[in-house]
Every structure is written in C-alpha cells, then in structure tokens.
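Engineer: Pasting a structure below so you can have a look.
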Amino acid sequence: MEALLKIENLSVGIKSPAGKVQAVRDVSFELHPGEVLAIVGESGCGKSMLCKAIMKLLPKSGKIEGGRILANGIDITNYSEKDMRKLRGKLFSFVFQDPMSALNPTIPIGQQIAEAILVHEPKLPKEQVYNRVISLMELVGIRQPHERYKLYPYNFSGGMRQRSVMAIALASNPKILLADEPTTALDVTIQAQILDLLKEIQVKLGTATILVSHDLGVVARCADRVAIMYAGKIVEIGTAEEIYYDPRHPYTWGLMQSLPALNKGRDELKTIPGMPPSLVNPPAHDAFAYRNEYALEMDYHQQPPMFQITDTHYAATWLLDPRAPKVAPPIGGKANV
Amino acid sequence: MSEILLDVQHLSHMFRLSKHAAIQAVDDVSFQIKKGEIFGLVGESGSGKSTVARCIMNVFKPTAGKILYHGINVCDPKEFRRNHKMLEATRQIIFQDSASSLNRRMTVADIIAEPMQIHRIKPPRGSYRAEGAFQLYYVGMDDSYLDKYPAELSGGQRQRVAIARALSMEPELLVADEPVASLDVSIQAQIINLFKHCNRDHGHTILFIAHDLSMVEYLCDRVGVMYRGKLVELAPTGELYANPQHPYTRALLSAIPIPDPIAERNRPKTEFDELSFDKDGVFTEMAPGHFVLRKENNR
Ligand SMILES: Nc1ncnc2c1ncn2[C@@H]1O[C@H](COP(=O)(O)OP(=O)(O)O)[C@@H](O)[C@H]1O
Ligand SMILES: Nc1ncnc2c1ncn2[C@@H]1O[C@H](COP(=O)(O)OP(=O)(O)O)[C@@H](O)[C@H]1O
Ligand SMILES: [Mg+2]
Ligand SMILES: [Mg+2]
C-alpha cells in the first residue's frame, strides 16, 4: 500500500535561551490511508513538535534541520507557506488538546464550521453549506444540530467543544487528521466517546489519523499501529497487537508497567525512575540508558539502530542485538489485564 | 472502630452569579473520613469536588451544613478562630493547578520551606535547605532544582514542588485535588506511590480527588462518587468496583481505558447521554458501608 505520508529521518531544532532544543531527532515512519497511528511518549519527548513540523506550523524559533516529508509521494519539506496553505485542510487538519483555543468565543459554533467549509469551497451555495454543517455536526455526535447551530462555545460542555473542533477539522475532507492529545483535558466518559468518534470517522470517511497521547492505556481503543517516542526519537513502532502483547523496548515496558490497570494487587505501582533528559545537547548514546534497569554497557556508548522484529515491528534497543544477553520481557502476552 | 478525623454533614454550597442566577455546586453531601484512611472523591468536572475540598479547607464558607475536623466545627467562625493555628498547620491542600499557585518570585527551596517558616517549625533535617532537598528527592526531583524558579520548571515539576511543600508540614489531613491529572503516567505512578507511603508510614489521612477511577481503585480505601453536586454512591473501593449501583458510577467504570487493544475493540461503544443520569432520591445503605442515592419506590 502506498504511504499517504512518509517521514524520512526528520530532525527539528528549536532555538531557546538555553541552547538548541533537538525536539525531533531522526524520526522516520509512514502513515497509510485509513489507519490510526498513535504516537505515545512522556511530555517533552517531541510529539507536538513532530506534528507541527509535519504541518509546517513550527514556532518561528523552530526549523526542520534534516530529513524529508513526503505527502502522496511528493516532497513537501521545502514548500512555502503559500503552498502549505493549500495543502492544510485538503490534505491534513488538526485537533489540539484545548478545544477552547481552537474556537472563537464570539462566533456561533455552526457559523465557525460553515467558515471552515467555505475556506475550501468558497463557491458552495449557502443552503448546501448549511446542510453540510448539519451533517458534520451529526457526524461528530452533536445532537439536535439545527437547534445548536446558533449556540456559542461557552454554551457547550468540554466534550461538545472538542466535537465542534473535530467538525471544523473535518470540514475540508482531509485525508489526514492530526489529533494532539485531543482527550487529555476531558473527563473519562467524554474521552471514551471522543475516542469512539475518532474510530468512527476513520471507518466512515477513511481518514488516516495520527493520534498523539502520553497514555498507552488511552490509545488501545482505536490505534491500528503505535509508535513509542522517547527524547525526540521513535524507539519502537509496530501494530497495536505487537506493542501491547509483545513489546520489546524497555521504555515501552516501563510505560506499560506504570499503568494502574496492570498493577492490580501490587503493593506499589511500577515506575520509570528519573526523568527524560534535556533535549539541549541530548546524549549521543541511548538517551534512555540512565533510566533503564536493563541497560547494557553498549547503551552508554552508542545509539542503538532500529532492529527489525517483523515486517511491521521495529525497536531501537541493544537488547535485540544477537550478541546481547537474553532478557525475558517483564510484561506482554495476551494476559495483560 | 477507628476515630473519625473529618465529618462532613449535609454540606451544601451555592455560588451566586447574579441576583437571579445561582449554581448549586454542592447539594447536601455527607461523608466521613477515618483517621489514617485514604478516601477518594470522583466525578466529572463540574460535579462539585473542588468546592467540597475548598469548603473543608475554609476557602469557601458553606451555604449549609457542617464540617467537623477533630470534632471542631471549622465552619463556625468562633471555633475556627480559636483553633486557627492548629487548623493551618495540620491540614494541607494540593490544588489541581498548583503550577499557578506557586509564588513566581520564590525559588523552589524557599517555596518548600515557607510553610515551615510561617509555623516556626524547626527543620527536622538540620536546615530548611536540607529539608527542601529531602522533600524534593521524595517527589522524584534532585537538589539541582532547589535554586530554580517556577517558570524554569515543567508543569509536572511544578506540581511536584507543590506536593513537596504540602508534605513538608507532615499534615495530618492532606487534601489532594486532582494532583496528578496533568502529569505523565510514569510520574503519576511515582506520586501515587508517594501518597501511599505517606499514608502507610507517616499516618497521613488523605482526601484524594480524581476524575480517573483507575488510580482511585489502586490508592483509596473508600470512594465517594459525585454527580452534579450530589454524592450518588459511597462504598469501600473493592465493593464499588465489583458491585457499582448508580448508573453514573457504572458509566464512569465502563469508560476506564484498558491497555489491551483486542479487549478494547470488542468492547461495546460507549452509549451514554451526557445529560441522562438521575440525581434524585435518598442516600440508602444497600450493603454494609455501601450507600447509593436511589428513588425510594424502586426498593
Ligand atoms: N517554543 C519552544 N521553544 C523552545 N523549546 C520548546 C518550545 N516548544 C517546545 N519546546 C521543547 O521541545 C521539546 C519537545 O516539546 P513537545 O514537542 O511540545 O513535546 P510533547 O508534545 O511530546 O510534550 C521539549 O523539550 C520542549 O521543552
Ligand atoms: N468561584 C466560583 N464561582 C462560580 N461558580 C463556581 C465557582 N467555582 C466553581 N463553580 C461552579 O460550581 C460547580 C462545581 O465546580 P467544582 O467544584 O470546581 O467542580 P469539580 O471540581 O468537580 O470540577 C461548577 O458548575 C462550577 O462551574
Ligand atoms: Mg504536546
Ligand atoms: Mg475540580
């Protein structure tokens, strides 16, 4: 299957008073039509910068320093803002954590969705725009859309606002939806509904989705594939089954083990000791070594390559080197829960 | 029979918005927390959890009801004034958004030491700085952070500083209002272990407020569920999870994500209307210690 989006060795640097932050370091992955790819990692590991780099929405201090972004086989890495404006919307749309920041508090919800439609189809007759707004509102699960068309964001609950943001994002019929922690600010019951909605949209519209989260528990519901990010790098990537039932990277083990659902009956929750390293001058060797109870001598000297486990499953840990001692994963197998 | 540290009786709190509009944020809520217990309070945002916490901490004056702490009615101005020092020193709160409650002009070391200095407590580890380093270490940060300012820290680090500050007082009652909601899962686990340790080894009683039921299940001895200002269910943790009675409790439980993709995909779609739960009825004991708000006619 041809990739909709192909990221090759992407690196992003951000200037800061403390020095250059290497927010994304040599990241490669593909996104296929109609799939949900989850990107999971602790905060500060570069998830948002990766998304912003893909959409070319980096802050002024940020810059793509290496690698390529291919959309439908076309290299867009050096596209100008003008070219990008055409692509955004048509090719990708985005949903961020805080729905309020994406909505204009002074304009009714329906009108905001209508405006998003008109950006991409300026000549669409009024009545058709209205009908599309209503069908979008229905699609994202806003009940009584006719009545709610004229309501303002402050009339809506947090969940309803995030649904509205999704409707705006989908107004342009994007091929790719980038959802950066779309449920982090929401209640669990609403979170479950939004995740179901993401899945439904993917099934109904075939939209490919990049779903960013810091919580492996949350993305199990709708991810087809999962990429684990640490200190600006993807350290493991595979199908959801591979990541949850056969994880190979000690960082993935750590993320899984700290979930309370996998600690039932234990006296203490398993934790990952320490904190992620600063991305100003990150270590040249394995950045996870200091926190890794399974670290090998080699981890302190050299960055591990991506070892291939299956056609779809890769992990960057020296434990997968044929010379490494065999370590039984502390977690995995179908009997997770 | 263990001693009751906190006794919340028919607590109600109303926010007046204008002459004609008011919000009944808390509506006739009663529960008790035993000494040495970790009590969980869960519910969706806006259900009144923080308002309960703030009434307990004397931030808000309740519209009705009483709150007894060590038998002292903290809502009574006279009793409050008479016991002011003890109440300030032995009760600590960690806010949901402690990041913004930290003094921006103070270093981490000073922030942690401030409550001890105010109450003229001699630092058990020699100096305030040593005490700060100790408390920081406890929340998983090293002493290189002592001289930093809040602006130089991440949200998670600021939250941990707020926790270190509260713990430095060795509080008898710690009210933690969604203390981990903004933190990474791995850091959440560190903080949760920390609360467990404080409870077990230092005997702190904890009111732990959360919207995430999975952490509550792991941490708390008993749990109360709030919905739109009402306490709709209260039970020992195991009992609540095994035998939830109120439809809202069931919805909350069914929404907990499971880190297992096949199980998740096979789970039925969540179908609950945001507006659909009943909050009328009488708080009834269904089983020993298990209370549910239910209409009397469906007994
Ligand atoms: N505007 C900025 N200026 C400087 N550094 C930044 C900026 N935004 C983010 N960073 C840094 O870039 C790194 C990656 O951040 P981000 O992509 O936001 O992480 P995540 O989304 O995974 O939490 C972090 O170390 C963060 O501190
Ligand atoms: N200071 C305030 N003024 C007016 N209304 C408030 C105030 N604080 C909270 N409320 C309202 O009271 C209700 C309960 O809020 P809160 O106790 O913060 O809930 P929770 O902590 O469960 O999210 C909500 O409807 C909220 O909007
Ligand atoms: Mg982010
Ligand atoms: Mg609150």
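Engineer: With a 1.4 Å probe on protein heavy atoms only, tell me which residues of the range A:178-202 lose at least 50 Å² of accessible surface in the complex relative to the chain by itself.
Structural biologist: Relative to the lone chain, where solvent access is computed with a 1.4 Å probe, the range A:178-202 loses at least 50 Å² at A:D187, A:V188, A:T189, A:Q193.
Engineer: Given springs between every Cα pair under 10 Å in a Gaussian network model of chain B, which of B:P261, B:P288, B:P247 has the largest fluctuation?
Structural biologist: In this elastic network of chain B, the residue with the biggest mean-square fluctuation among B:P261, B:P288, B:P247 is B:P261.
Engineer: With every protein chain kept in place and ligands, DNA and RNA left out, what is the accessible area per residue of the range B:155-258? Probe 1.4 Å, answer in Å².
Structural biologist: Heavy-atom SASA per residue in the range B:155-258 reads 24 Å².
Engineer: Antiparallel DSSP bridges in the range B:141-299: what percent, to the nearest 5?
Structural biologist: 70
Engineer: May I ask for the accessible area buried between chains A and B, both sides summed, probe 1.4 Å, to the nearest 100 Å²?
Structural biologist: Details: alone 16220 and 15200 Å², together 27590 Å².
Between A and B, the summed buried area is about 3800 Å².
Engineer: Right, another one. So what's the Cα pair-distance distribution over the protein assembly as shown, bin width 10 Å, in %?
Structural biologist: 3, 15, 24, 26, 20, 10, 3, 0
Engineer: Helix B:128-138 versus the longest principal axis of chain B: what angle, 0 to 90°, nearest 10, using Cα atoms?
Structural biologist: 40
Engineer: Given +1 on the Cβ of Lys and Arg, -1 on the Cβ of Asp and Glu, and no further charges, what dipole in debye does chain B carry about its Cα centre, rounded to the nearest 20?
Structural biologist: That gives chain B a dipole magnitude of about 860 debye.
Engineer: Okay, next question. Probe radius 1.4 Å, ligands and nucleic acids ignored: give me the carbon and sulfur share of the accessible area of the range B:4-298 as a rounded percent.
Structural biologist: Heavy-atom surface of the range B:4-298 belonging to carbon and sulfur, 1.4 Å probe: 50 percent.
Engineer: Over the Cα atoms of the range B:4-298, Rg to Rh with Kirkwood Rh, two decimal places?
Structural biologist: Radius of gyration over Kirkwood radius for the range B:4-298 works out to 0.98.
Engineer: Lysines within cross-link reach of B:K49: Cα-Cα under 24 Å, excluding same-chain residues under 8 positions apart?
Structural biologist: Within the straight-line cut-off, B:K49 pairs with B:K34, B:K35, B:K61, B:K66, B:K196, B:K230, B:K279, B:K295.
Engineer: Identify all lysines with a Cα-Cα distance to A:K123 below 21 Å; exclude those on the same chain that are fewer than 8 residues away in sequence.
Structural biologist: Of all the lysines, those that pass the test against A:K123 - Cα under 21 Å, at least 8 places apart if same chain - are A:K82, A:K86, A:K90.
Engineer: Per-residue Cβ counts within 10 Å, from other chains only, averaged over B:251-257: what number is that?
Structural biologist: Numbers: counts 3, 4, 2, 3, 8, 7, 15.
Per residue, the average neighbour count from other chains is 6.
Engineer: Let me ask something else. At a 1.4 Å probe, what is the % contribution of carbon and sulfur to the accessible area of the range A:5-291?
Structural biologist: The C+S portion of the solvent-accessible surface of the range A:5-291 is 52 percent.
Engineer: Can you work out D for the range A:164-303 in µm² s⁻¹ from Stokes-Einstein, where Rh is the Kirkwood radius over C-alpha pairs, the temperature is 25 °C and the viscosity is 0.890 mPa s?
Structural biologist: It comes out at roughly 144 µm²/s.
Engineer: Assign unit charges at the C-beta atoms only (+1 for Lys and Arg, -1 for Asp and Glu), then state the dipole size of the range A:5-291 relative to its Cα centre in Debye, rounded to the nearest 20.
Structural biologist: The calculation lands at about 840 debye.
Engineer: Over the Cα atoms, compute the radius of gyration (one decimal) and Dmax (the largest Cα-Cα distance, rounded to a whole number) for the range B:140-229, in Å.
Structural biologist: 13.8, 44
Engineer: Just to confirm, what accessible area per residue do you get for the range A:21-92 at 1.4 Å probe, in whole Å²?
Structural biologist: 43
Engineer: Same structure, new question: For the Cα atoms of chain A, what angle does the longest principal axis make with the long axis of helix A:109-120, in degrees from 0 to 90, nearest 10?
Structural biologist: 80
Engineer: Using Cα positions and a limit of under 21 Å, work out the lysines in reach of B:K269, with same-chain residues fewer than 8 apart set aside.
Structural biologist: Result set, ordered by chain and number: A:K199, A:K204.
Engineer: Sticking with this one: Only protein chains counted, 1.4 angstrom probe. Which residues of the range B:185-201 are at least 10 Å² less accessible in the assembly than when their chain is isolated?
Structural biologist: B:V185, B:S186, B:I187, B:A189, B:Q190, B:N193, B:K196, B:R200
Engineer: If you don't mind, another one. Could you work out, residue by residue across A:219-225, how many beta carbons of other chains sit within 10 Å of that residue's beta carbon, and then give the average as an integer?
Structural biologist: For peptide A:219-225, the averaged partner shielding equals 4.
The values are calculated or read from the model by the stated rules, or taken from the named source; none is laboratory data. Bear in mind the structure is a predicted one, so any value in this text is a computation, not a measurement. Cβ sites come from the backbone with ideal geometry, for glycine too, and all protein chains shown count toward neighbours. All accessible areas refer to the heavy atoms of the entire protein, side chains included, with ligands and DNA or RNA removed. Shrake-Rupley method; radii C 1.70, N 1.55, O 1.52, S 1.80 Å.
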